[in-house]
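Have a look at the structure below before the remarks.
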Amino acid sequence: MKVAILHEMLVKLWGAEKVVEKLLNIFPDADLFTLIYDEKKVGKIFPKEKMNSQVFSLPSQNIYKWTKNQRLCLPSIPRSVEALDFSEYDLVIASSSWFAHGAITKPETQFIVYYHSPARYMWDWTNEYKKDIGWQTWIKWFMLNRLFLKLRQWDIIASARVDTVIANAYNTAWRIQKYYRRESEILYPPVEVSRFQKVLKKSEWNKFYSNGNYYIIISALTEFKKLDVAIEWFNKISDQNLLIIWAGDSREKLENLVKWDNIIFAWPQYGDDLVDLVQKSRWLIFPGEEDFGIVPIEVMAAWKPVFALRAGWLLETVIEWKTWEFFNSANWDDFVENFTRFNTKNTENKYFPDDCKKQAELFSDIKFEENLMKLIK
């Protein structure tokens with residue numbers, strides 16, 4: 001069986017890319033396709049030699065090559081995904097949160113799409129996206145509204161090309177039904193539970209908080225992630241430390257919001273460095289709504305509880321008061337009150353590490369592989 005794996009953009013290494021990495025482990029002989037590729041950013045995990053040669057002649061790739069800005073590639077994406085030739089493949093698996101589901105395959109080819117989400121900036125996050133790119137000028141307003149109208153029309157048509165629809169959570173399945181009128185199979189993403197459970201032989205950590213008394217946020221620094229609200233509230237509780245891990249376009253803007261030295265930004269952390277920071281933390285703060293966030297599962301695997309907004313997929317995957325605690329207001333109005341109470345419980349060791357570990361193991365990469373192969377067969 002000849003297999004192709006398609007992922008929209010390989011320009012970062014976040015949760016969706018971990019799914020692609022796992023798919024390649026399951027199908028090591030598969031050809032890898034993408035619409036935008038940046039070797040400097042992802043080459044260690046997805047080397048250039050693994051990429052199908054068609055990728056480097058796509059309109060979207062050529063635009064990115066000269067601009068290094070994936071947003072400018074947006075108008076060319078539908079044309080690019082339809083230009084890919086999958087005629088010689090028996091199975092095509094697309095990892096999609098954008099337009100990968102628009103690939104064209106032969107009738108006899110099994111086309112499976114694993115949805116991280118329908119394109120959120122075209123549907124339920126449209127207004128946030130416009131604000132993020134400064135749409136207020138009338139030219140941008142006019143161009144974006146015309147572009148989004150055409151892209152939504154194409155997106156709905158493209159969704160009908162899929163043979164098997166897989167959603168990464170029930171929350172995503174509901175949105176697929178709403179926008180595409182398609183039923184989904186549910187398959188939670190693979191989480192490297194064992195990596196975060198291992199006991200590190202040597203720890204050279206001390207570069208951020210010497211006493212280990214800190215909370216963490218692991219998130220891309222973008223408009224959508226609501227980190228500005230997290231910083232606002234930690235400015236008000238300056239006796240609690242917050243370590244924000246990762247990078248993004250909004251980093252400088254967010255750093256300017258910090259008033260005290262209890263909030264520190266770390267660049268992206270990998271491997272044992274990341275595991276060590278998670279294991280030494282108090283718990284994870286998860287500020288926004290996600291379709292499925294791998295990070296909270298990884299943190300539970302490292303025997304840490306999570307404090308998050310009561311929304312989205314989180315309601316599917318946790319045991320409240322045992323592995324997880326919530327605040328309820330999207331504006332974080334009740335954050336300090338709930339955080340203070342939960343911080344006291346955490347200090348008094350009211351959360352048991354084994355409970356967190358066992359819950360995380362329900363989402364292991366081993367279970368992902370087993371369930372995916374059942375769906376393919």
Next item on the list: Go through (1) at pLDDT 90 or above; (2) touching a Phe, Trp or Tyr at 6+ places or on another chain (Cβ under 6 Å) and name the single condition V229 misses.
Entry: (1)
Checklist line | Residue list for the stretch 227-247, filter: closer than 22 Å to K12 by Cα and surrounded by 18 or more Cβ atoms within 10 Å (Cβ to Cβ) | finding: L227, L243, I244, I245, W246
Notebook entry, point to check: Restricting to the stretch 338-377, what's the tally of residues that are surrounded by 11 or more Cβ atoms within 10 Å (Cβ to Cβ) and over 30 Å from I5 (Cβ atoms)?
Noted result: 16
Item checked: Hits in the stretch 170-184 - residues which are out of contact with any helix residue (DSSP H, G or I) (no Cβ under 6 Å at 6 or more places or on another chain) and either within 11 Å of P118 (Cα to Cα) or touching a residue at least 40 places away in the same chain (Cβ under 8 Å) (or both) -> N171, T172, A173, W174, R175, I176, Q177, K178, Y179
Check: Of (1) within 30 Å of G271 (Cα to Cα); (2) surrounded by fewer than 15 Cβ atoms within 10 Å (Cβ to Cβ), L72 satisfies all except one. Which?
Finding: (1)
Next item on the list: Inspect all residues belonging to the stretch 244-254 and state whether any of them is modelled with pLDDT under 90, polar (S, T, N, Q) and not in a helix (DSSP H, G or I).
Entry: yes
Item checked: Scope the stretch 350-373; condition within 16 Å of P189 (Cβ to Cβ), assigned to a helix (DSSP H, G or I) and not hydrophobic (A, V, I, L, M, F, W, C); matching residues -> Q359, E361, D365, K367, E369, E370, N371
Item checked: In the stretch 227-277, the residues that are among the aromatic types (F, W, Y) and on the phi > 0 side of the Ramachandran plot -> W246
Item checked: Where A230 falls short, out of the listed (1) more than 20 Å from the chain's Cα centre (by Cα); (2) assigned to a helix (DSSP H, G or I) -> (1)
Note to self: Given the options K18, K44, name the one that is out of contact with any Cys (no Cβ under 8 Å at 6 or more places or on another chain) and surrounded by 13 or more Cβ atoms within 10 Å (Cβ to Cβ).
What the structure shows: K18
Next item on the list: Only residues that are under 16 Å from the mean Cα position of the chain (by Cα) and modelled with pLDDT under 90: list them for the stretch 192-223, please.
Entry: E192, S219, A220, L221, T222, E223
Item checked: Every residue from the stretch 326-340 that is outside any loop (DSSP other than H, G, I, E, B) and of a type outside the set (A, V, I, L, M) -> F326, F327, F335, E337, N338, F339, T340
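The values are calculated or read from the model by the stated rules, or taken from the named source; none is laboratory data. Predicted model, so just to flag it, every value in this text is computed and none were measured. When we count neighbours, we look across all protein chains shown, and the Cβ atoms used for this are built from the backbone with ideal geometry, even at glycine.
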